[in-house]
Number of protein chains: 2
Amino acid sequence: MSTSFPDTPLAEMDLVMHRAQEAFEQFQHVSAREKAAFLEAIATEIEALGESLLQTAAKETNISLPQLTGERNRTTGQLRKFAEMLLEGSWVDASIDTAIPGRVPSPKPDVRKMLVPIGPVVVFGASNFPFAYSTAGGDTASALAAGCSVVVKAHPQHPATSTMVATAITKAIQQCQVPVQVFQHVFGNSAEAGKSLVQHPATAGVGFTGSLAGGRALYDYAAQRTTPIPVFSEMGSVNPVVFLPDTMRKNAEKLALQYAASITLGTGQFCTNPGILIALEGEGLDAFTEHLGKALNGTKPGKMLHQGIYQSFQNKRSDALRQNGVELLQESGTAPGEMEARPTIATVSGAHFLENPLLHEEIFGPYSLLVRCRDMNELQQAWLSLKGQLTTSLMGTKQDFHEHAALVQKAATMAGRIIFNGVPTGVEVCPGMVHGGPYPATTDSRFTAVGIHAVKRWVRPVCWQNCPDELLPAELKNDNPYGIWRLLNNEWTKNKQQ
Amino acid sequence: MSTSFPDTPLAEMDLVMHRAQEAFEQFQHVSAREKAAFLEAIATEIEALGESLLQTAAKETNISLPQLTGERNRTTGQLRKFAEMLLEGSWVDASIDTAIPGRVPSPKPDVRKMLVPIGPVVVFGASNFPFAYSTAGGDTASALAAGCSVVVKAHPQHPATSTMVATAITKAIQQCQVPVQVFQHVFGNSAEAGKSLVQHPATAGVGFTGSLAGGRALYDYAAQRTTPIPVFSEMGSVNPVVFLPDTMRKNAEKLALQYAASITLGTGQFCTNPGILIALEGEGLDAFTEHLGKALNGTKPGKMLHQGIYQSFQNKRSDALRQNGVELLQESGTAPGEMEARPTIATVSGAHFLENPLLHEEIFGPYSLLVRCRDMNELQQAWLSLKGQLTTSLMGTKQDFHEHAALVQKAATMAGRIIFNGVPTGVEVCPGMVHGGPYPATTDSRFTAVGIHAVKRWVRPVCWQNCPDELLPAELKNDNPYGIWRLLNNEWTKNKQQ
């Protein structure tokens, strides 16, 4: 791969970031309508790549064509949702407080604020989502929607896919009234490449999806800067699932089938893969275990994204199975081929789980650990001993949730999303979604990486005080030319200011 | 002071933060109505301290009684605005996307999100605002409003004032249905005290107002944590003012009087003090200089907040006046007494200014530097050479703004607030206000420290997926019991969900 896609020389990164800065200076003033047209054009150009893009991605990532097709559609869908958001316009959070010149003891000024873009954003895509979290994925789409220029460092495991998508963006640029360098695509397989981008003075923000080690390294590089910048790294998560006793008694088989599918979906290579299942010992669990084992036995091994991830899965899985008290519950009945991960369920007692933090860590791939607890107290302890998560799921009947209301209430402290009687895999792209969570799920739990509000990672509020109407951004002008929602003297309204 | 207010032993900080964590676990579930009553009660109890609080603060800070009275009223006003925000309720940014069970290829889940508090917040107050940015100031008020517990480290320069305010908060706690340890007050004059609070595992966020060195140190402590946390430090700013040529020709005297007052207001000890004035050489500037000099000559020296700030002012002022090309333009005609700062205007050419970054730095106190530029190009360069700012002011006629539209458009990249034909001192507390800005004005330009949106520093979004209505927070329930604004299936509405 390195021969076809040579690393961008480190010395050139400086030039790239200067261009990104120049492009930003123009792009931030491009109208919402033109930005929306640009995002639409990117979506259209990606679609125009057709089968050839999907084939290239399949070859580079071993992901199935149906999954890639879904992901591609999600990616173009995301771009179009940001375009809609721009056309609707209210996302800028406009607040207007009009003057009261006669107020005593001092006159009240006219004070108006809205969100503006922070500057050039550097995006590091994910290996497991070559479209949706990569070159034209959520980070890029949200940063462009905000009005930031974007530099994407292509993921070294899918450079050809990344290049095709970058070409689609370049075509869209040529069709639209946007600066040529509003998007740039670079290559670099070294830590230095990432560091040089994150620490460049022109860089104003960083988006990353990947491992804890990688995301934390970028966060640390940014924290060392003279001028610190926000880093939004979305990292590991074990997405714990709590099975409450009544549902386990009543629905053991259904739950087992539902979770066997979620654990192995996409060869377990989703950041929302349910890595830890927690339940009470007893009859319900025995039935669940039996059905889960049967279902898992029937699943097929899948080829992993790349050699590094495959090796890591093999090593971590072996390590985990060697831990005190851990037993193999079931693995896929089919022997794995080259670079294939064998779906695996291990099990451990709550007591052993609580004393061994290694068991709390993510094993990226189709591996889950079933924690058997002797009582609700141990169950709650096991669950709350986990670090910050993208999601946590609660499986229960009405009676369960009523009996364990205190436990239910604690879910929000641990995760960005709480799923009731469902699986964590599958992230709906909508305003109500939160894809984020307390560290180490992300480096900043105050934001989401999915849904239109992902744009808030790349903006900051600016206030115009006593500004003549003709100099105000359109969103803040008296006559509200875009007809957006604004907080006008403490009331939400689309009205003009008279 | 140290005998009356001994440092909290470092070993006790751990206990303090554990108590804050326990209090948070209860307080986050306290209703909006009860939280609002609590904030109201704090305001009432602060007012009940009456003259005695003002006298104590005057003694500890050398701030005038009228100024302290205004600041006290602003502080209680802030608390009540957060109470109103809680009662109105829409601040939680609720988004609801309802399910579409029949959607193909996969059903759409019911997805709802709102903002929840991040956890215990540690607040470091400012020496220059013993009320509004200290013990019960904007950071504390916004964090409590969010539902966070708060630990305030008393500012070592006004421990008695801080203790009185802390006592008022304690009285309010006793009257309200809130956990006793929701607010705690500690003392500590060492860097270790701050470090131990910022690096404690239970600490979830930090608010600071003060020097660049102090704010950056806290930011660095937080970045070194295993679990990084947000730090909102509001630090230095020189608040540059650009005088455009037409207004300078037409309004030199009026501008001079306006700015002489702003420069010396509160002995120049406001973070929004205009420290750098930038104008074009010429007739207008000569008249401005003459009037500014006259006005400044007539101002009186003022006693500074404390010995450290006084010494720093003296040293930095002397240093600045020794720089190449810098000349004293005018100082107060009255000789300063003990610990008094002499209001001072120096001047320098644009060329000298551009080559000497030391002249770009804040001198906290009644000192401003007038930069004389030979053309608009140099003026713009001098202005844009400055780092991130809380504010920048543009003084101009309609003709000025029309002729220099490109310059006006650049203001937003530099500062959190742009003031047209006014002075930066005086920060209106309203939703449209932004008190914040690019580094080093603050450590995170994505937030404001003043106005109700300051609450957003201490919250994170959480999503409930397919959650039974009875288990949802009230703000997300179908029947919208609080009648708040919500983004319901992409439309802002106060309607119930049918």
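The values are calculated or read from the model by the stated rules, or taken from the named source; none is laboratory data. What you see is a predicted model, and the numbers here were worked out from it, not measured in a lab. Cβ coordinates were reconstructed from backbone atoms using ideal geometry, including for glycine residues, and neighbour counts include every protein chain displayed.
Here are a few things to note about the model shown:
- Spans of strands (runs of 3 or more DSSP E) in segment B:303-403 with at least 1 residues within 24 Å of residue B:415 (Cα to Cα): B:344-349, B:367-373, B:389-395
- From the list B:462, B:434, the one residue that fits, being facing chain A (nearest Cβ under 8 Å), in contact (Cβ under 8 Å) with a residue 12 or more places away in the chain and part of a strand (DSSP E or B), is B:462.
- Residue A:136 meets the stated requirement of being in contact (Cβ under 8 Å) with a residue 40 or more places away in the chain, crowded, with 20+ Cβ neighbours inside 10 Å and either in contact with a Ser or Thr (Cβ under 6 Å, 6 or more places away or on another chain) or under 30 Å from residue A:308 (Cα atoms) (or both).
- Test result for residue A:264, modelled with pLDDT under 95 and more than 13 Å from every other protein chain (Cβ to nearest Cβ): yes
- Out of B:86, B:79, B:39, B:15, sole residue that is within 30 Å of residue B:365 (Cα to Cα) and at pLDDT 95 or above: B:79
- Any hit, segment A:14-34, residues being without any contact (Cβ under 8 Å) to a residue 12 or more places away in the chain and either under 22 Å from the mean Cα position of the chain (by Cα) or over 22 Å from residue A:114 (Cα atoms) (or both): yes
- Complete set of residues in segment B:317-328 that are buried (at least 18 other Cβ atoms within 10 Å of the Cβ) and among the aliphatic types (A, V, I, L, M): B:320, B:326
- Residues in segment B:385-408 that are of a type in the set (A, V, I, L, M, F, W, C) and either away from chain A (no Cβ under 11 Å) or crowded, with 17+ Cβ neighbours inside 10 Å (or both): B:386, B:390, B:394, B:395, B:401, B:407, B:408.
- Against the numbered list (1) within 12 Å of another protein chain (Cβ to nearest Cβ); (2) under 23 Å from residue B:447 (Cα atoms), residue A:27 comes up short only at (1).
- Complete set of residues in segment A:209-237 that are more than 12 Å from chain B (Cβ to nearest Cβ) and touching an Asp or Glu at 6+ places or on another chain (Cβ under 7 Å): A:209, A:236, A:237
- Out of B:113, B:108, sole residue that is facing chain A (nearest Cβ under 8 Å) and within 30 Å of residue B:18 (Cα to Cα): B:113
- Residue that is farthest from the chain's Cα centre (by Cα) [pool: residues in segment A:448-459 that are of a type outside the set (Ser, Thr, Tyr) and not in a helix (DSSP H, G or I)]: A:459
- Per the listing A:348, A:455, A:427, the residue uniquely at the interface with chain B (Cβ under 10 Å from one of its Cβ atoms) and buried (at least 23 other Cβ atoms within 10 Å of the Cβ) is A:427.
- Residue count for segment A:56-100 under the criterion of being over 23 Å from residue A:145 (Cα atoms) and either part of a helix (DSSP H, G or I) or away from chain B (no Cβ under 14 Å) (or both): the result is 14.
- Exclusive hit being more than 12 Å from chain B (Cβ to nearest Cβ) and either in contact with a Cys (Cβ under 7 Å, 6 or more places away or on another chain) or farther than 19 Å from residue A:69 by Cβ (or both), set A:145, A:168, A:126, A:160: A:145
- Out of A:204, A:252, one residue alone is more than 13 Å from chain B (Cβ to nearest Cβ), surrounded by 20 or more Cβ atoms within 10 Å (Cβ to Cβ) and of a type in the set (A, V, I, L, M, F, W, C). It is A:252.
- For segment A:236-247, a residue qualifies if it is out of contact with any strand residue (DSSP E or B) (no Cβ under 6 Å at 6 or more places or on another chain) and either acidic (Asp, Glu) or more than 15 Å from residue A:367 (Cα to Cα) (or both), and the qualifying residues are A:244, A:246.
- Index of the failed condition, residue B:413 passing every other in (1) at pLDDT 95 or above; (2) within 29 Å of residue A:225 (Cβ to Cβ); (3) not in a strand (DSSP E or B): (1)
- Tally, over segment A:176-209, of residues that are out of contact with any Lys or Arg (no Cβ under 6 Å at 6 or more places or on another chain), at pLDDT 95 or above and assigned to a loop (DSSP other than H, G, I, E, B): 9
- Residue within segment B:218-230 that is assigned to a helix (DSSP H, G or I), modelled with pLDDT of 95 or more, in the same structural domain as residue B:382 (by TED's automatic domain parsing) and touching a strand residue (DSSP E or B) at 6+ places or on another chain (Cβ under 8 Å) present: no
- Boolean, residue B:497 is in contact (Cβ under 8 Å) with a residue 24 or more places away in the chain, in contact with a strand residue (DSSP E or B) (Cβ under 8 Å, 6 or more places away or on another chain), outside the structural domain of residue B:214 (by TED's automatic domain parsing) and surrounded by 20 or more Cβ atoms within 10 Å (Cβ to Cβ): no
- Taking the criterion of being small (Gly, Ala, Ser) and modelled with pLDDT of 95 or more, the residues of segment B:416-450 that qualify are B:416, B:422, B:432, B:436, B:437, B:441, B:445, B:449.
- Restricted to segment B:465-481, and to residues there that are assigned to a loop (DSSP other than H, G, I, E, B), surrounded by fewer than 20 Cβ atoms within 10 Å (Cβ to Cβ) and of a type outside the set (D, E, K, R), the residue that is nearest to the other protein chains (Cβ to nearest Cβ) is B:466.
- Test result for residue A:284, touching a helix residue (DSSP H, G or I) at 6+ places or on another chain (Cβ under 8 Å) and either farther than 18 Å from residue A:331 by Cα or surrounded by 23 or more Cβ atoms within 10 Å (Cβ to Cβ) (or both): yes
- Here the condition is being surrounded by 22 or more Cβ atoms within 10 Å (Cβ to Cβ) and modelled with pLDDT of 95 or more; of B:337, B:365, B:298, B:293, it holds for B:365 alone.
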